[in-house]
Amino acid sequence: MVVDTHGGGTFTVALWLARRSLLMVARVPAAVVPTVVFPIFFVVAFSGSFTALTDIPGFGTDNILSWMAPFAILQGASFAGLGTCFGVARDLEDGFYDRLIVAPTPRAALLLGPLLAAMARALLPITLVLVAAFAGGAALPGGLFGIVSLVVAAEGVAVLAALWGLGIVYRLKTQRAGALVQVGIFFTMFLSIGQVPLHIIEGWLHGAARVNPMTNILRFARQGFIGDVAWATTWPGLVAMAIAAVVLAVFAVRGMRTLVP
């Protein structure tokens, strides 16, 4: 696919770059497997193994699917961001990104395009995991607002994962950087309240989960599945995503400056 970056505004060019990224997924379906298969496998495997956790006093819900499904969806969204970064790394390796840099392309579009692609890719795990969870009997006491909270959180995580990945890829300029990006994502996801509530976690893991921004994001995403949607569990998640987005955007922009003087 040829991307015409001449004469286009920032958002127009970003849309073209996002479209190109999504077309690459269609041409290489295996690239989207982690985004979909892993989250669904996680829901099925962990929900069966962790069912007895709901008997713990104060767990928050008696439906393990309602607890695990939002976590799996955020995982899928993070993989969506990771997959987009692999595409950028491939472009850096084969020289296509050099053509974008020398073209009269708005620099912001080079960053915005992959973020839009990550958000579009995140819709796939959101949809498929929700279908699987509801088919398995997941509850949604928060109703429509619960879905909205989950979607906002998932799209936010996709953007955060993409920013983190771009910052690494811009510096290392190789697809092998994906391993480092993946490690960062896994640490953030699993050192949180993904499996169990904070008050059940013990030792140093409790301290790590307590300061991990993903904990507040997960509370925000999960709230409609274990109860009503409330401002008290909404604003900390929004603030955590906003602060993380600023920090990671600076990280990504500084990485881009190693490519663009």
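Side notes on the structure shown:
- Residues satisfying the criterion are absent from region 182-201 (criterion: in contact with a Pro (Cβ under 6 Å, 6 or more places away or on another chain), closer than 30 Å to Gly87 by Cα and in contact (Cβ under 8 Å) with a residue 40 or more places away in the chain).
- Long-range neighbours under 7 Å by Cβ, at least six apart or interchain, first residue over 14 Å from Leu100 (Cβ atoms) within region 12-27, second in a helix (DSSP H, G or I) and hydrophobic (A, V, I, L, M, F, W, C): Leu15/Leu116; Leu22/Ala117; Leu22/Ala120; Val25/Ala31; Val25/Val32
- Count of residues meeting criterion [open to solvent by 40 Å² or more (accessible area, probe 1.4 Å) and within 30 Å of Ala89 (Cα to Cα)] in region 196-223: 1
- The set of residues from region 52-82 being surrounded by 14 or more Cβ atoms within 10 Å (Cβ to Cβ), part of a helix (DSSP H, G or I) and at pLDDT below 90 comprises Leu53, Thr54.
- Cβ pairs under 6 Å, 6+ apart, first in region 126-149 and touching a residue at least 40 places away in the same chain (Cβ under 8 Å), second in a loop (DSSP other than H, G, I, E, B): Ala139/Asn63; Pro141/Gly227; Gly142/Asp228; Gly142/Val229; Phe145/Val229; Gly146/Leu140; Gly146/Val229; Ser149/Val229
- Test result for Phe225, assigned to a helix (DSSP H, G or I), aromatic (Phe, Trp, Tyr) and at pLDDT below 95: no
Residues checked against (1) more than 15 Å from Ser78 (Cβ to Cβ); (2) surrounded by fewer than 18 Cβ atoms within 10 Å (Cβ to Cβ):
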position: Ala103; (1), (2): yes, yes
position: Ile126; (1), (2): no, no
position: Gly137; (1), (2): yes, yes
position: Ala154; (1), (2): no, no
position: Leu166; (1), (2): no, no
position: Phe187; (1), (2): no, yes
position: Gly194; (1), (2): no, no
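- Condition check for Thr258: of a type in the set (Ser, Thr, Tyr) and open to solvent by 60 Å² or more (accessible area, probe 1.4 Å): yes
- Any hit, region 232-255, residues being in contact (Cβ under 8 Å) with a residue 60 or more places away in the chain, charged (D, E, K, R), open to solvent by 50 Å² or more (accessible area, probe 1.4 Å) and in a helix (DSSP H, G or I): yes
The values are calculated or read from the model by the stated rules, or taken from the named source; none is laboratory data. On a predicted model such as this, the values are computed, not experimentally measured, just so you know. Cβ: placed from backbone, ideal geometry, glycine included. Neighbour counts: every protein chain shown. SASA here: full protein model, heavy atoms, side chains in, ligands and nucleic acids out. Shrake-Rupley method; radii C 1.70, N 1.55, O 1.52, S 1.80 Å.
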